[in-house]
1. Test of understanding: ordering L64, L143 by Cβ neighbours within 10 Å, fewest first, what list do you get?
2. When only Cα pairs under 8 Å and 6 or more residues apart are kept, what is the percent relative contact order across segment 3-147?
3. Measure off 7 Å from each Cα along the Cα-to-Cβ vector at V27 and R72, then give the distance between these two points in nanometres to one decimal.
4. Counting other Cβ atoms within 10 Å, which GluC sites (Glu not before Pro) in segment 1-79 have at most 11 and lie in a DSSP loop?
5. When the chain is modelled as a GNM with alpha-carbon springs shorter than 10 Å, which of D85, D126, D50 fluctuates the most?
6. What is the magnitude of the charge dipole of segment 1-147 about its Cα centre, with +1 placed on the Cβ of each Lys and Arg, -1 on the Cβ of each Asp and Glu, and no other charges, expressed in debye to the nearest 20?
7. Counting other beta carbons within 10 Å of each Cβ, put I47, I108, I78 in order, fewest first.
8. Could you list S76, S109, S95 so that the one with the fewest beta carbons within 10 Å of its beta carbon is first and the one with the most is last?
Amino acid sequence: MNDQDIQVFITGFRRYFEFLNGDLRVVVEPPYIKDQEMPILEYTGIIGVDGKTHGAVCFTANGLMLEKILTRLNESPINRELICDLVGEIANTVSGNAREEFGPEFLISVPIVATGKEVSFRFPDDCRNYVIPIVWQSEKAYLLVCLT
C-alpha cells in the first residue's frame, strides 16, 4: 500500500457522499498510519480482501451519522437493522469502487457488520493500518484500510 493506493479509497468515499447529497461536503482529514489499536465506533462494516492482495477495508461510524444518511436517503422508519445494512453497504461500495481501480484480482467479500466498540477483529500483522478520518455534518467516522 502506498499513498496513491490510499487516494483510491478516499476518492471512492467522496464519490459515495457526492451521490448521497450533492452540495453538502464531506471532509476527509489527512490519513495516518496506526500500528496499534484502530478507532472503532458504534457500527462497523468489514470487507475482507483477497486475491493479489489481502487484508480488509472497514467503515466505522456512530449511529447518529448513519441515521442522518438514512434520513437523506428518505428511509423510514429508521431502525437498527437499516443502520447495520447501511454501514455494510458503505464499506462494500467503497471497496467495490477500489476494485474498479485495482482490477478483478482485488477480490472482496460480502460485508460483515459488527456493533459496539469492542469489535473482535484484527487486521493482518504483515501490513500497514491506514486510518482515514471523515467528518460529515459534524459527525466523525473512519475508513480503515489494511492491505498487503
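What follows draws every value from the coordinates through simple rules; no lab data is involved. The model shown is predicted, which means the values in this text are computed figures rather than measured ones. Methodologically, a virtual Cβ is constructed for each residue, glycine included, from the backbone with ideal geometry; neighbour enumeration extends over all protein chains shown.
1. Details: L64 12, L143 24.
Neighbour counts put them in this order, fewest first: L64, L143.
2. Values: 270 pairs, mean separation 54.1, N = 145.
Dividing the mean separation by the residue count of segment 3-147 yields 37 percent.
3. Inter-label distance under the simple model: 1.5 nm.
4. Working: sites: E18, E37, E42, E67, E75; in loops: E37, E42, E75.
Counting only loop positions with at most 11 other Cβ atoms within 10 Å, the GluC sites (Glu not before Pro) in segment 1-79 are E37.
5. Result: D126 has the largest fluctuation of those listed.
6. Values: 13 positive and 21 negative charges, 42 e Å.
For this selection, approximately 200 debye.
7. Working: I47 24, I108 20, I78 17.
Going from sparsest to densest Cβ surroundings: I78, I108, I47.
8. Numbers: S76 9, S109 14, S95 26.
Final ranking by Cβ density, sparse to dense: S76, S109, S95.
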